[in-house]
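**Student:** Can you keep this structure in mind? I'll have questions shortly.
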Amino acid sequence: MRSLLYIASALAVMALAFWAYQENYATQQALRDRDALESGIDVLQDALAVQRAEWAYLNRPNRLRELATVNFDALGLLPLEPGQLGSTAEVVYPAPPVLDVENPVDVIGDQEDPL
Amino acid sequence: MTRTPLRPLARILQARAKGENPDGIERENLRLRNDATRDRDRTRAQIRLLMLSAGFLAAFSTIGVQMGSLAASVPVEPRRAGAGVEVSATRADILDRGGRILATNMLTHALYAHPKDMIDPKGTAEKLVAIFPEMKAPDLQRRFSDGRNFMWLRRVLSPEQMQAVHDIGDPGLLFGPREMRLYPNGTLAAHVLGGAAFGGESVRSAEVIGTAGIELAMDARLRDPLQATTPLSLSIDLTVQATMEEILSAGMTMMNAKGAAGILMDVKSGEILALASYPTFDPNDRPNPVLAKDAEPGDNPLFNRAVQGLYELGSTFKIFAAAQGMDLGLVGPETLVDANAPMYWGKHKIKEFEGKNYGPMLSVSDIITKSSNVGTAHIALMIGGVRQQAFLRSLGLMDPSPIELAEAPKVKPLIPPKWPDIVTITASYGHGMSSSPINLAAAYATISNGGFKVSPTLLHSTDRPAQQRVLGEAASRAAVAMLRRVVTDGTASLGEVPGYAVAGKTGTADKPRRGGGYYDDKVINTFASVFPADNPAYVLIVTLDEPVETTGPKPRRTAGWTAVPVAAEIIRRTAPLLGLRPQVEPGPFDGIAVVKQ
């Protein structure tokens with residue numbers, strides 16, 4: 001009876017040792033993965049910052065103004081001016097629909113000369 | 001366990017039959033039993049001792065191995081104690097109010113050298129000079145061979161240059177990562193942003209510190225690691241700023257001015273939507289100009305005229321006297337005031353522009369419209385020097401501006417140490433004391449927003465504390481109506497913008513000579529305007545330095561001919577960008593004939 005208990009506890013210790021060993025390596029692997037991901041994120045964030053800076057550089061007002069001037073024939077872009085703003089009251093109502101008239105009948109007769 | 005009897009009956013009977021003493025048998029058996037007990041106990045004790053020593057051995061060897069491994073292994077910093085996020089040493093971005101980038105960081109590399117590791121110092125120096133023309137080959141060769149271990153070669157490299165240096169392939173040339181401050185819009189809002197430079201440098205990184213403008217004023221906030229990922233949002237609007245700079249620089253050329261400044265401010269919050277100063281510079285490559293000995297500070301492109309320039313702002317001050325007079329109930333818009341020029345005060349003679357005389361009596365409204373020095377002087381004398389000083393101080397004209405620019409706190413308006421009546425008179429029309437355009441903008445915002453004190457700010461924020469009232473609402477409204485008349489029938493008639501009721505006041509001040517006195521042909525022209533007049537939303541200040549308008553038969557130097565048209569064009573172009581719709585103004589009532597039967 002007692003020896004059975006000894007054997008069981010010895011086996012339990014071995015199993016726990018095996019589990020702890022596995023956990024240790026799994027943790028180390030997870031840390032390595034995390035480090036790799038973080039450095040990946042850093043690289044991507046740096047790239048993103050460069051992209052944003054480049055976007056801002058390409059969209060700087062001076063350049064856009066020059067491009068609008070160069071491409072005026074194609075785009076016809078002008079600076080925003082007060083005359084381009086209007087109110088809804090200035091929009092005209094659509095003209096009333098014209099009736100579709102087919103086969104008109106002349107209702108005014110010609111008077112022949114009675115004489 | 002069967003117990004052997006000490007006196008087994010069979011043996012005792014046998015011994016008795018032989019006549020032996022049966023006690024011998026008992027002793028014999030007792031001895032045997034004691035021997036057996038002793039043997040068993042000894043074995044058990046031996047096992048126990050063995051186990052005990054094994055236990056100690058295990059414990060001590062564990063401790064020993066652990067100590068040995070600690071002593072023998074290389075110490076490693078524990079990685080990621082807790083859940084804190086790793087901070088990056090970058091500087092926060094600066095955005096405009098719409099989230100567009102004004103300043104950001106870019107990763108580049110610095111180039112340094114370990115001359116002792118170089119294989120061919122002479123050839124390397126020649127190849128480097130081919131890439132970087134500013135380096136000198138003999139100089140580099142000398143420094144590569146004088147026995148030093150380390151030297152910097154360049155602070156920042158473009159990717160192309162870095163590849164070219166890689167292609168040299170010398171192991172003594174090394175790169176260090178650098179965060180570089182980048183202003184993608186070039187000269188846009190240069191005076192607001194200021195600039196940045198490298199502070200402490202090491203091979204692995206360098207700190208970026210602000211050198212001027214908001215970069216220096218907000219340096220602690222921008223470098224705070226906790227807020228590094230939260231960009232700083234300015235009140236500047238990129239589009240409005242670009243438009244204002246375009247018109248201001250064109251206007252400066254047309255009016256032959258040597259400098260210009262413009263400020264556009266929200267009258268209620270004090271947020272600055274655009275702030276420009278000419279001549280300007282590129283904050284990516286901050287110049288270090290060498291100025292002539294007799295140059296004015298304004299000739300330096302780094303000088304921010306809008307904030308650092310202290311000028312006698314001239315007639316733009318007249319509205320303060322009128323507004324205060326109305327607020328105190330001393331005068332009303334139609335009260336007639338003595339305006340008989342010239343006016344004599346002690347040994348001083350106060351004249352009107354070009355020796356005119358608008359008198360003998362003029363209404364307050366007409367004093368502002370015609371810009372009468374004498375009339376304003378009489379209102380100021382009614383108010384008195386003490387109250388006038390207190391009012392100008394409450395408008396913020398006598399203190400350095402609280403705006404978040406590094407230059408601002410050092411710019412103290414020039415105020416006469418004593419305030420006799422003659423100063424009261426001259427200050428009422430903007431002479432004898434100097435203030436900066438930014439202070440003027442804040443004062444005009446207070447006049448036009450219903451009388452609440454405004455502190456100019458460059459930071460975009462949605463909640464602002466309630467402001468202190470320094471002027472009654474009625475006086476504020478009457479003052480704006482007077483300013484409107486200046487544009488409709490006064491000195492600023494070129495400031496009329498169809499659809500936007502512009503109200504404003506011109507100011508022309510002679511430039512002071514270095515040795516004392518004033519120049520005859522050098523002026524500073526200012527136009528301080530508010531629009532739209534029926535519900536003031538924005539204040540625009542335009543200042544031109546030494547402008548002259550030459551289309552007429554003789555050169556014109558008054559603000560009405562120079563600063564006003566420039567300001568009108570700025571309003572015409574920026575008002576739609578600010579979301580203001582053009583309004584059809586109600587016509588004046590006296591234009592309608594009342595018909596009665």
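**Student:** Round to the nearest 10 and give me the degree value, 0 to 90, for the angle of helix A:2-58's Cα axis relative to the longest principal axis of chain A.
**Tutor:** So the inclination is approximately 30 degrees.
**Student:** Can you check how the C-alpha radius of gyration of the stretch B:96-165 compares to 2.2 N^0.38 Å, as a plain ratio?
**Tutor:** Ratio of Cα Rg to 2.2 N^0.38 Å: 1.47.
**Student:** Dividing the alpha-carbon Rg of the stretch B:489-562 by 2.2 N^0.38 Å yields what?
**Tutor:** Rg over 2.2 N^0.38 Å, computed on Cα atoms: 1.26.
**Student:** Stokes-Einstein at 10 °C, 1.306 mPa s, Kirkwood radius from Cα pairs: D for the stretch A:61-115 in µm² s⁻¹?
**Tutor:** Approximately 88 µm²/s, per Stokes-Einstein.
**Student:** Right, next: In vacuum, with every alpha carbon of chain B counted as one equal point scatterer, what does the Debye formula give for log10 I(q)/I(0) at q = 0.08, 0.11 Å⁻¹? Two decimals, please.
**Tutor:** -0.70, -1.03
**Student:** May I pose another question? Within 10 Å of each Cβ in A:47-60, how many Cβ atoms from other chains are there, averaged over the peptide?
**Tutor:** Mean shielding count: 5.
**Student:** If you line up the Cα atoms of the stretch B:89-137 on their principal axes, what length do they span on each, largest first, in Å?
**Tutor:** 53, 24, 11
**Student:** Give me P(r) over the stretch B:217-374, computed from all C-alpha to C-alpha distances, binned every 10 Å, as integer percentages.
**Tutor:** Distribution as computed: 8, 22, 25, 24, 14, 5, 1 percent.
**Student:** Excluding residues fewer than 8 places away in the same chain, name every one of the lysines whose C-alpha is closer than 17 Å to that of residue B:370.
**Tutor:** B:318, B:351, B:356, B:505
**Student:** Rounding to the nearest 10 and keeping the result within 0 to 90°, find how far the Cα-based axis of helix B:318-327 lies from the longest principal axis of chain B.
**Tutor:** It works out to around 80 degrees.
**Student:** Right, next: Rounding to the nearest 10 and keeping the result within 0 to 90°, find how far the Cα-based axis of helix B:563-577 lies from the longest principal axis of chain B.
**Tutor:** 50 degrees
**Student:** Can you give the Rg to Rh ratio of chain A, both from alpha-carbon atoms, with Rh computed by the Kirkwood formula? Could the numbers behind the result be given before it?
**Tutor:** Numbers: Rg = 43.3 Å, Rh = 25.8 Å.
Value, to two decimals: 1.68.
**Student:** Residues with beta-carbon under 15 Å from that of residue B:302, excluding residue B:302: net charge, scoring Lys, Arg +1 and Asp, Glu -1?
**Tutor:** That works out to -3.
**Student:** OK, next. If I take R0 = 45 Å and measure r between the Cβ atoms of residue B:152 and residue B:256 in this structure, what FRET efficiency does the formula 1/(1 + (r/R0)^6) give, to the nearest 0.05? All intermediate terms of the calculation are to be shown ahead of the outcome.
**Tutor:** Working: r = 46 Å, r/R0 = 1.02.
In this case the efficiency is close to 0.50.
**Student:** Express the C-alpha Rg of the stretch B:155-198 as a ratio against the empirical globular expectation 2.2 N^0.38 Å, rounded to two decimals.
**Tutor:** Dividing the Cα Rg of the stretch B:155-198 by 2.2 N^0.38 Å gives 1.60.
**Student:** Further question on the same structure: Just to check I understand the Karplus step: with θ = phi - 60° and J = 6.51 cos²θ - 1.76 cosθ + 1.60, what whole-Hz values come out for the stretch B:218-233, glycine and proline as x?
**Tutor:** Residue by residue, the stretch B:218-233 yields 9, 4, 5, 5, 6, 8, 4, x, 5, 10, 5, 8, 9, x, 8, 9 Hz.
**Student:** Highest mean first, how do B:414-421, A:1-8 rank when packing is the count of other Cβ atoms within 10 Å averaged over residues?
**Tutor:** B:414-421, A:1-8
**Student:** Looking only at other chains, what is the average number of their beta-carbon atoms within 10 angstrom of each beta-carbon in A:75-86?
**Tutor:** 4
**Student:** Along its principal axes, what span do the Cα atoms of the stretch B:381-471 show, with the longest given first and each in whole Å?
**Tutor:** If we take the Cα atoms of the stretch B:381-471, the spans are 43, 29, 16 Å.
**Student:** Report the label-to-label distance for residue A:26 and residue A:100 in nanometres (one decimal), using points 7 Å from each Cα along the Cα→Cβ vector.
**Tutor:** Placing both labels 7 Å along Cα→Cβ, they lie 7.7 nm apart.
**Student:** Same structure, new question: Could you order peptides B:463-469, B:477-483 by the average number of other Cβ atoms within 10 Å of their residues, highest first?
**Tutor:** B:477-483, B:463-469
**Student:** Determine one quarter of the surface area of the Cα convex hull of the stretch B:168-238, which equals its mean projected area, and express it in nm² to one decimal.
**Tutor:** Computed as one quarter of the Cα hull surface, the answer is 6.7 nm².
**Student:** Given the protein assembly as shown, what percent of its DSSP beta bridges are antiparallel, to the nearest 5?
**Tutor:** Given both bridge residues lie in the protein assembly as shown, the antiparallel proportion sits at roughly 95 percent.
**Student:** Still on this structure: Run the quick spin-label model on residue A:107 and residue A:34: label points 7 Å from Cα toward the beta carbon, then report their separation in nm to one decimal.
**Tutor:** 9.2 nm
**Student:** Treating each Cα of the protein assembly as shown as an identical point scatterer and ignoring solvent, apply the Debye formula and state log10 I(q)/I(0) at q = 0.07 Å⁻¹.
**Tutor:** The computed values of log10 I(q)/I(0) come out as -0.68.
**Student:** Would you work out the charge dipole size for chain B about its Cα centre, treating the Cβ of every Lys and Arg as +1 and the Cβ of every Asp and Glu as -1, and quote it to the nearest 20 debye?
**Tutor:** 2840 debye
**Student:** Next up: Given H placed on each backbone N at 1.01 Å, which residues far from residue B:178 in sequence or on other chains put an amide H within less than 5 Å of it?
**Tutor:** The list, which skips near neighbours in sequence, is B:108, B:109, B:110.
**Student:** Hey, another quick one. I need the fraction of alpha carbon pairs in the stretch B:438-480 separated by more than 16 Å, rounded to a whole percent.
**Tutor:** 38 percent
**Student:** Given a Förster distance of 35 Å, report the FRET efficiency between residue B:418 and residue A:85 from their Cβ-Cβ distance, rounded to the nearest 0.05.
**Tutor:** FRET efficiency, residue B:418 to residue A:85: 0.10.
**Student:** Per residue of B:569-581, how many C-beta atoms from partner chains lie within 10 Å of its own C-beta, taken as a mean?
**Tutor:** For this peptide, the per-residue mean of nearby foreign Cβ atoms is 2.
**Student:** Over the C-alpha atoms of the stretch B:124-250, what are the Rg and the largest Cα-to-Cα span, Dmax, in Å?
**Tutor:** When restricted to the Cα atoms of the stretch B:124-250, Rg and Dmax are 19.4, 57 Å.
**Student:** Given a Förster radius of 56 Å and the C-beta distance between residue A:17 and residue B:34 as r, what FRET efficiency does 1/(1 + (r/R0)^6) yield to the nearest 0.05?
**Tutor:** E between residue A:17 and residue B:34, to the nearest 0.05, is 0.75.
**Student:** Sort B:182-194, A:62-74, B:276-288, A:84-96 by the packing proxy (mean of other Cβ within 10 Å over each peptide's residues), most packed first.
**Tutor:** B:182-194, B:276-288, A:62-74, A:84-96
**Student:** Same structure, new question: Sticking with the crude label model, points 7 Å out along Cα→Cβ, report the distance from residue B:132 to residue B:56 in nm, one decimal please.
**Tutor:** Reported label-point gap for residue B:132 and residue B:56 is 7.0 nm.
**Student:** For the stretch B:190-285, which semi-axes, largest first and in whole Å, follow from the square roots of 5 times the eigenvalues of its Cα gyration tensor?
**Tutor:** Working through the eigenvalues yields semi-axes of 30, 18, 9 Å.
**Student:** If we count every other residue with Cβ under 10 angstrom of residue B:362's Cβ, Lys/Arg +1 and Asp/Glu -1, where does the sum land?
**Tutor:** That works out to -1.
**Student:** Give, as a single signed number, the net charge of other residues whose beta carbon lies under 11 Å from the beta carbon of residue B:109, with Lys and Arg counted +1 and Asp and Glu -1. Please list the in-between numbers first.
**Tutor:** On the way: positive: B:154, B:155, B:178; negative: B:179.
My count for the surroundings of residue B:109 gives +2.
**Student:** Which whole-number percent gives the relative contact order of chain B, counting Cα pairs below 8 Å spaced six or more residues apart? Mind dumping the intermediate values first?
**Tutor:** Numbers: 1138 pairs, mean separation 75.3, N = 597.
Across chain B, relative contact order equals 13 percent.
Rule-based calculations on the coordinates, nothing more; no lab input. This structure is a prediction, so every number in the text was calculated from the model and none was measured. Glycine gets a Cβ as well: all are built from the backbone with ideal geometry, and neighbour counts include every protein chain shown.
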